[in-house]
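Since the structure comes first, as structure tokens, the remarks are kept for the end.
Please treat every number below as a calculation from the coordinates, not as lab data. As the structure is a prediction and not an experimental result, all values here were calculated from the model. Here the Cβ is made from the backbone with ideal geometry for all residues, glycine too, and neighbour counts use every protein chain on show.
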Amino acid sequence: MPHRRYILRLLGALLVITGVGACSGGDCPINNTVQGKMVFYDLQGDPVAYTGVLTVSVVRPQGDSVVLNQKAGASEVLFPLSYMHSTDTLVFAYGDGVDDSLYISHTNIPTLVSVDCGTAMYHTITAVSSTHHWIDTLILKSSEVNYDERENIQVIYR
């Protein structure tokens, strides 16, 4: 009988330890920032790096935010989308005095990631457009913006 109590207590302790371990935030994303991703291509559809110095800023009423600062050889840009607004403007400053503006329309989707991880704001891109100084075409590759760093927008350069 005493062995039975010992075994029951041991099994109970193991269940508690296993249960506590299962409730830990191990499933939370390491990078908890929701960002979109755009990748640069040439007119033939091949991935390309911009050879000059590129600065990309998000323009918002409360102030601009630089997301890529004077990078040479940039081939992609990760960009945030506004939680409060349904349109964002990104300015591509090429360093030669010519800029392109990229406009992204989107819907905001508050999403419960999990009880441990909390909530996140996911987005669905509904439209993209731009000026055409250096940018030739924009292609919406994937409209869903969440923790996956999938390619959302293809930027085709002249």
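Some values worked out for this structure:
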item	result
For region 27-157: relative contact order, % (alpha-carbon pairs under 8 angstrom, 6 or more apart)	27
Length released on extending from Glu149 to Ser129, taking residue separation times 0.36 nm less the Cα-Cα span	5.1 nm
Environment charge of Met38, counting only residues whose C-beta is closer than 10 Å and scoring Lys/Arg +1, Asp/Glu -1	0
Estimated FRET transfer efficiency (Asp46, Tyr103; beta-carbon r; R0 22 Å; 0.05)	0.30
Interchain or long-range residues, amide H under 5 Å from Thr126's placed H	Ser105, His106, Thr107
Average projected area [Cα convex hull, region 27-157], square nanometres	8.2
Stretch gain in nm, segment Ser114-Val53, where the contour uses 0.36 nm per residue and the Cα spacing is subtracted	17.9 nm
